[in-house]
Every structure is written in structure tokens, then in C-alpha cells.
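Colleague: One structure is given below, represented as C-alpha cells, and several questions about it will come after.
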Amino acid sequence: MAGIAAASVGFSGGKEPQAAPGPSVEPAAVNSEFDAQLTTLSRGADDFADRATRTQERVDLQQQRQEEQRRRAAEAARKKAEAARREALRPKFVLPVTQKGVGELFGAIGSMWSSRHTGLDFPVPMNTPVMAVTDGTVVAKWNSSYGNIVEVTAPDGTQTWYAHLASARIRSGYVKAGAVIGYAGSSGNSSGPHLHLEVHPGGGPAIDPLAWLRSHGLDPT
Ligand SMILES: [Zn+2]
């Protein structure tokens, strides 16, 4: 106790403690704290700037995507309109061969047929491309009278038959008018290369192909 008292006495008896000359501790501590705050503030500002930049990038990206979507939608609409225009303009009925001129007419009496001629003949060379007169579903068959025959059934049910072909180009599927479906020949009950065309509305009895073609604005003669 005596020591403490002596020290206490001694301390109080001496001069008041004074700050040492030179840089004080306290301002340095304040500066350091201020620096730390500045650093924090600065980091906060950087973070804010980063976030702002990222937000802007997201906005830009979103705008780019929306712009791209608008561009794609416009392109799709343009293509759809163009396809519709082409579809409206394309012929829905096409002559089965490009060469003009017909041979044996529908209803003619000939030695080759058991009854009257049930189709219209097109005298064309061997392997002449034969086209579908209408859009429709194709079926290729073999028949001892018709030889290689392709039948096309149009959406309205009208069947067109292409007979005595050298070969069918396609055996099944859907075609548009003008598509090459086979090549003319002389298969089956035939005396020489030609295309024999028959028309069967609704798959029923044959009608005159020439009158039918003409009713659709086509004249093969
Ligand atoms: Zn014929």
C-alpha cells in the first residue's frame, strides 16, 4: 500500500503529462479511421458502380433479346406472307406432259380395250417425264392391263391415273401439281410408248380427261 501511495503521490506531485512533441498518436488514429471509412466508401461506390454496370448490361441484353425477337417475328411473318403469295400464284392444275398433242380420245373404240377407251392418250417418247396434274397423295402400283401405274388422289377426292409408265419416280407420299411422278413407257397392255391418263372423280367411274382438263383451264391439244 505504501508503494502505491507513494507512486500516487509522486505522480500527482509531478508535472501534468504532456503530449510529446512531433506527430501525435491521436490524429494518426483518426486519419487511419478516416482512411478506412474512405476505403469502405470507395469500395461501396465501386460496388455500386459495378452493380449499376451489371444492371445496365442486363437491361442492354434484355433489349437486345427483345430486338432479336422482334426481328425474328418480322422475318417469320415476311416468309409466311411470301409462302402464301407463292402458294396463291402456283398452278393447281398442270398438264401431265409438256409436249402438246393427244392420241386416242376418251370413249374411243379400239382393239386394245375390252370396252371403250377409259382415258386420254398422250403420244410421247419413252421415258418422257410425267407430272401430277393435281396436288395429291401418290400410290404406285402394277396392273397387267395398265402396267406401271401411278394414282394421285387430290384433296377433293379426284383420282388421276397415269398408266403404261416405264417406271414410277415415287411410290408413295404427297406431291404438288407439276411434280414428276414417273416416266412414260409401254408397260402392260400397250402397243407403244404413250401416257394413258384417266380421271376418276371421288374415285368413281372415269370421266373424259380432255373435258376435265379444259374445265381447269388446260388444253393439251
Ligand atoms: Zn389409253
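The values are calculated or read from the model by the stated rules, or taken from the named source; none is laboratory data. Because the structure is a prediction, the values reported are computed rather than measured. In this analysis, Cβ positions are derived from the backbone assuming ideal geometry, glycine residues included, and neighbour counts consider all displayed protein chains.
Colleague: Going by what's in this entry, would Glu104 be described as touching a strand residue (DSSP E or B) at 6+ places or on another chain (Cβ under 6 Å) and among the acidic types (Asp, Glu)?
Modeller: Here the answer is yes, as Glu104 does meet what is asked.
Colleague: Does the range 60-67 contain at least one residue that is within 15 Å of the ligand (Cβ to nearest atom), out of contact with any helix residue (DSSP H, G or I) (no Cβ under 7 Å at 6 or more places or on another chain) and not in a strand (DSSP E or B)?
Modeller: no
Colleague: If Lys141 satisfies every condition in (1) in contact with a Pro (Cβ under 7 Å, 6 or more places away or on another chain); (2) in a strand (DSSP E or B) but one, which is the exception?
Modeller: Single failed check for Lys141: (1).
Colleague: Going by the conditions given, is Asn189 away from the ligand (no atom under 16 Å from the Cβ) and in a loop (DSSP other than H, G, I, E, B)?
Modeller: no
Colleague: Between a first residue in the range 179-198 that is without any contact (Cβ under 8 Å) to a residue 60 or more places away in the chain and a second residue that is charged (D, E, K, R), which pairs have beta carbons less than 6 Å apart while being 6 or more apart in sequence or on different chains?
Modeller: Val180/Arg169; Ile181/Arg169; Gly182/Arg169
Colleague: Just checking, how many residues over the range 86-123 are within 12 Å of the ligand (Cβ to nearest atom) and on the phi < 0 side of the Ramachandran plot?
Modeller: So the answer is 17.
Colleague: Give me the pairs, please: first residue somewhere in the range 99-114 and not assigned by TED's automatic domain parsing to the domain that holds Ala211, second residue anywhere and within 11 Å of the ligand (Cβ to nearest atom) and at pLDDT below 75, beta-carbon distance under 8 Å, and either six or more positions apart or on two chains.
Modeller: As it stands, the answer is Glu104/Gly110, since those pairs meet every condition given.
Colleague: State whether one or more residues within the range 154-169 are within 16 Å of the ligand (Cβ to nearest atom), more than 30 Å from the chain's Cα centre (by Cα), farther than 17 Å from Gly103 by Cβ and not in a strand (DSSP E or B).
Modeller: No, that holds for no residue.
Colleague: Hey, another quick one. Within the range 137-151, identify whether any single residue is buried (at least 19 other Cβ atoms within 10 Å of the Cβ), touching a residue at least 60 places away in the same chain (Cβ under 8 Å) and either more than 10 Å from the ligand (Cβ to nearest atom) or more than 22 Å from Ala211 (Cβ to Cβ) (or both), and answer yes or no.
Modeller: No; the residues of the range 137-151 include none that is buried (at least 19 other Cβ atoms within 10 Å of the Cβ), touching a residue at least 60 places away in the same chain (Cβ under 8 Å) and either more than 10 Å from the ligand (Cβ to nearest atom) or more than 22 Å from Ala211 (Cβ to Cβ) (or both).
Colleague: In the range 210-221, what residues are within 19 Å of Pro129 (Cα to Cα) and either buried (at least 20 other Cβ atoms within 10 Å of the Cβ) or more than 16 Å from the ligand (Cβ to nearest atom) (or both)?
Modeller: Correct list: Leu213, Leu218, Asp219.
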